[in-house]
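Colleague: I have a structure I would like to understand better, so I am pasting it below and will then ask my questions one at a time.
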Amino acid sequence: MCSKEFGYVYILTNPSFREDWVKIGKSSRPVDVRSKELDNTAVPLPFEIYATLRTSKYDKVEKQIHKQIDRLTDLRIRQKREFFNIAPSVALDIMRDIADLLEDAELAVYVDGKPVISGSKDEDKKIDAANEDKKRKKAKPAFKFHMVGLNVGDTIVFDALNLSVKVASDDKIEYEGRLWSLSAFTAEFLPENIQNTSGAYQGPKFFSYGGKTLSQMRLEVEETMNK
């Protein structure tokens, strides 16, 4: 009798992405190996493992999770890619439901970078509480121009093209008569050779004022406030 080949379905998050963006894929090797392979110049920060499901049916499970998410609505960030606009906790709930139907499933949720085997409901509640607490500690308010002392009418530069644009509101810029968020503008106009695989960008990193990126300016303000 042939032995079953086990593999993993994983949920990955990334600090450089929005909090409700995840990558859901599969791997025949340990997920920490796969996540390190994805750590390249196209992604500003390393991926973090949110949860894994080990099973011999990992290929079918990955397809089923993708199908379940696609049924909710069009949540794929880009078609034919493994990135989804869905909260990690929701993706985990779908993974748990499928795991309950498998005899050989081993579900692990990562807390502080370490896998915790999911089992009883009480244990799962503890895991969820720990992840929610971690999320609250990491969460930062969305960028607003007033945070760095910029006002409507000020000119900032989209560094990739050395293109000047105007601040139109506290969170929008104006270019050729159209309003854009910083992240949407970056996704639309960033040259193809420096785009990342997800199409997700933290806009303030790509715009500058007075020779400093908006992200640098925000960091300096926050460091001053915390002294």
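Colleague: Among the residues of region 15-33, how many are assigned to a helix (DSSP H, G or I) and more than 30 Å from E5 (Cα to Cα)?
Modeller: Going through region 15-33 one residue at a time, the tally reaches 0.
Colleague: Here's a follow-up. Based on what the data block shows, is N151 modelled with pLDDT under 90, farther than 28 Å from L38 by Cα and open to solvent by 80 Å² or more (accessible area, probe 1.4 Å)?
Modeller: No; evaluated as a whole, the condition is false for this residue.
Colleague: With respect to E106, is the statement that it is modelled with pLDDT under 80 and of a type in the set (D, E) true?
Modeller: For E106, the condition - modelled with pLDDT under 80 and of a type in the set (D, E) - is not met.
Colleague: So, in region 155-164, exactly how many residues are surrounded by 13 or more Cβ atoms within 10 Å (Cβ to Cβ) and more than 25 Å from the chain's Cα centre (by Cα)?
Modeller: 3
Colleague: Which residues, counting only those in region 14-33, are in contact (Cβ under 8 Å) with a residue 40 or more places away in the chain and surrounded by fewer than 22 Cβ atoms within 10 Å (Cβ to Cβ)?
Modeller: P15, S16, R18, E19, D20, W21, G25
Colleague: Working carefully through the options K135, K121, K114, find the one that is of a type outside the set (S, T, Y) and either at pLDDT 90 or above or surrounded by 14 or more Cβ atoms within 10 Å (Cβ to Cβ) (or both).
Modeller: Working: K121 fails: either at pLDDT 90 or above or surrounded by 14 or more Cβ atoms within 10 Å (Cβ to Cβ) (or both); K114 fails: either at pLDDT 90 or above or surrounded by 14 or more Cβ atoms within 10 Å (Cβ to Cβ) (or both).
Only one candidate passes the filter, namely K135.
Colleague: Quickly run through region 141-194 and pick out the residues that are under 17 Å from K212 (Cα atoms) and assigned to a strand (DSSP E or B).
Modeller: T155, I156, V157, F158, L163, S164, V165, K166, V167
Colleague: For a quick check of your reading of the model, give me the residue pairs whose first member lies in region 82-109 and is closer than 19 Å to F17 by Cβ and open to solvent by 10 Å² or more (accessible area, probe 1.4 Å), whose second is among the basic types (K, R) and in a loop (DSSP other than H, G, I, E, B), with beta-carbon atoms closer than 9 Å and at least 6 apart or on different chains.
Modeller: Filtered contacts from region 82-109: N85/R18.
Colleague: Here's something else I'd like to know. One residue is enough: does region 92-99 have a residue meeting the conditions at pLDDT below 80 and farther than 15 Å from Y8 by Cα?
Modeller: No, that holds for no residue.
Colleague: Identify, please: which residue in region 188-220 is open to solvent by less than 30 Å² (accessible area, probe 1.4 Å) and out of contact with any helix residue (DSSP H, G or I) (no Cβ under 8 Å at 6 or more places or on another chain) and is, among those, farthest from N85 (Cα to Cα)?
Modeller: My answer is N196.
Colleague: What's the number of the condition T224 fails, among (1) open to solvent by less than 80 Å² (accessible area, probe 1.4 Å); (2) without any contact (Cβ under 8 Å) to a residue 60 or more places away in the chain?
Modeller: (1)
The values are calculated or read from the model by the stated rules, or taken from the named source; none is laboratory data. Note that the coordinates shown come from a computational prediction; the quantities given were computed from them, not determined experimentally. We place every Cβ from the backbone using ideal geometry, glycine too, and count neighbours over all the protein chains shown. Only protein heavy atoms, including side chains, enter the accessible area calculation; ligands, DNA and RNA are left aside. Shrake-Rupley method; radii C 1.70, N 1.55, O 1.52, S 1.80 Å.
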